[in-house]
Amino acid sequence: MDLGIKGKSALITAASRGFGLATARQLAREGVRVSLCARGQTDLEQAATEVQAAGREVWGEAAAPVTTAAVDVTDAQAVADFVAQTGPVDLLLVNAGGPPAGGFTELAEQQWRDAYTLTIESAVRLCRLVVPGMAERGWGRVVMITSVSVKQPVDNLLLSSVLRPAVQGLVRSLAVQYAASGVTVNAVAPGFHTTSAVERLIAKKIEQTGCTVQDVLDGWTAEIPMGRLGRPEELAAVVTFLMSEGAGYLTGQGIVSDGGWVKGTF
Ligand SMILES: NC(=O)c1ccc[n+]([C@@H]2O[C@H](COP(=O)([O-])OP(=O)(O)OC[C@H]3O[C@@H](n4cnc5c(N)ncnc54)[C@H](OP(=O)(O)O)[C@@H]3O)[C@@H](O)[C@H]2O)c1
């Protein structure tokens with residue numbers, strides 16, 4: 001299936017591992033020029049090599065270039081410089097490291113502020129920098145990574161369960177505002193996937209309860225009708241579809257990709 005995005009330019013934040021990296025690889029295979037950021041330079045260089053290799057599998061020497069910048073999405077100036085360095089953006093993946101695990105009584109006020117800065121402020125800032133330009137050019141695709149916590153609170157992930165729904169509110173608001181400008185805005189809400197974010201959740205659970213890795217995995221998979229965690233490539237495939245030309249009439253949605261974990265009807 002031709003997704004119709006060859007030659008477009010993508011900006012992907014938090015992309016040296018996990019969902020960001022998996023999406024960058026898939027977009028490179030579609031012939032998209034990809035610009036990646038994360039904080040750690042070493043992982044970022046490794047990621048750029050992998051993304052370039054994915055593009056070359058399909059396009060050989062004609063593969064689109066990959067650029068990187070070591071940027072923390074909570075640093076306003078660094079993000080503005082990154083966007084300026086990238087130039088006009090057609091495809092934007094709004095992604096960041098997740099807020100830390102924790103329940104109501106153990107989270108300090110500063111952790112709430114930090115989580116707001118990481119999860120909401122960074123998303124708003126990126127959209128302010130990128131979306132008006134898309135609208136002026138009459139075409140754009142914005143996808144934000146959220147979490148199943150937008151549909152159903154997740155045990156011990158209070159910051160995510162409270163703040164992620166606000167990101168879905170941003171998605172819906174921007175989708176309406178820019179609907180007539182050729183710009184779609186959607187979110188993908190992952191359930192449990194095999195990335196380093198989940199390894200951190202497992203470590204936290206072990207610290208809190210003294211259980212084993214297998215206990216944690218057994219507990220999660222018992223609640224997932226598919227009986228397994230997702231792969232980052234599966235999530236990236238959903239993101240890539242939402243960024244395609246063919247998904248042009250789909251906007252304002254939060255697509256849950258969770259192996260059936262959320263039990264609500266809608
Ligand atoms: N994996 C899951 O099961 C799951 C489920 C629901 C929601 N999510 C959410 O999906 C998002 C991506 O998760 P993932 O599983 O792909 O995580 P991951 O594998 O841990 O990768 C996180 C990426 O984000 C970068 N990053 C972290 N903080 C950053 C910051 N402040 N500025 C720039 N880059 C930053 C990391 O690189 P550096 O550390 O070098 O910056 C890394 O490249 C997170 O918000 C996570 O909470 C994940």
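Roughly how many debye, to the nearest 20, is the charge dipole of the stretch 184-224 about its Cα centre, given +1 on each Lys and Arg Cβ, -1 on each Asp and Glu Cβ, and no other charges?
On the way: 3 positive and 5 negative charges, 32 e Å.
Once rounded to the nearest 20, the dipole reads 160 debye.
Order of L27, L163, L217 from fewest to most other C-beta atoms within 10 Å?
Numbers: L27 29, L163 21, L217 16.
Sorted ascending by nearby Cβ count, the order is L217, L163, L27.
So for F19, F104, F241, fewest C-beta neighbours within 10 Å to most, what's the order? Before the final figure, lay out each step's value.
Values: F19 25, F104 8, F241 18.
Ascending number of Cβ neighbours within 10 Å: F104, F241, F19.
Might you report the magnitude of the Cβ-based charge dipole of the chain about its Cα centre, with Lys and Arg at +1 and Asp and Glu at -1, to the nearest 20 debye? Show your work: numbers first, answer last.
Details: 22 positive and 26 negative charges, 107 e Å.
Taking the Cα centre of the chain as origin, the dipole is about 520 debye.
Just want to confirm a number: the relative contact order over the chain, from Cα pairs under 8 angstrom separated by 6+ residues, in percent. Working shown, then result.
Details: 501 pairs, mean separation 53.4, N = 266.
Contact order relative to length: 20 percent.
Would you please state which residues of the stretch 132-152 a label at V58 would reach in this model, taking the label point 7 Å out along Cα→Cβ and a backbone N cut-off of under 20 Å?
Correct set: 140-144.
Test of understanding: ordering C37, C211 by Cβ neighbours within 10 Å, fewest first, what list do you get?
On the way: C37 27, C211 13.
Ordered from fewest to most neighbouring Cβ atoms within 10 Å, C37, C211 come out as C211, C37.
Write out the trypsin sites (Lys or Arg not before Pro) in the stretch 1-58 meeting two conditions: DSSP loop, and at most 15 other Cβ atoms within 10 Å of their Cβ.
Filter output for the stretch 1-58: K6.
Throughout, read-outs are computed from the coordinates displayed, never taken from laboratory work. Every value quoted in this text rests on a predicted model; they were computed, and no experiment measured them. Note that each Cβ is placed from the backbone with ideal geometry, even for glycine, and that neighbours are counted across all protein chains shown.
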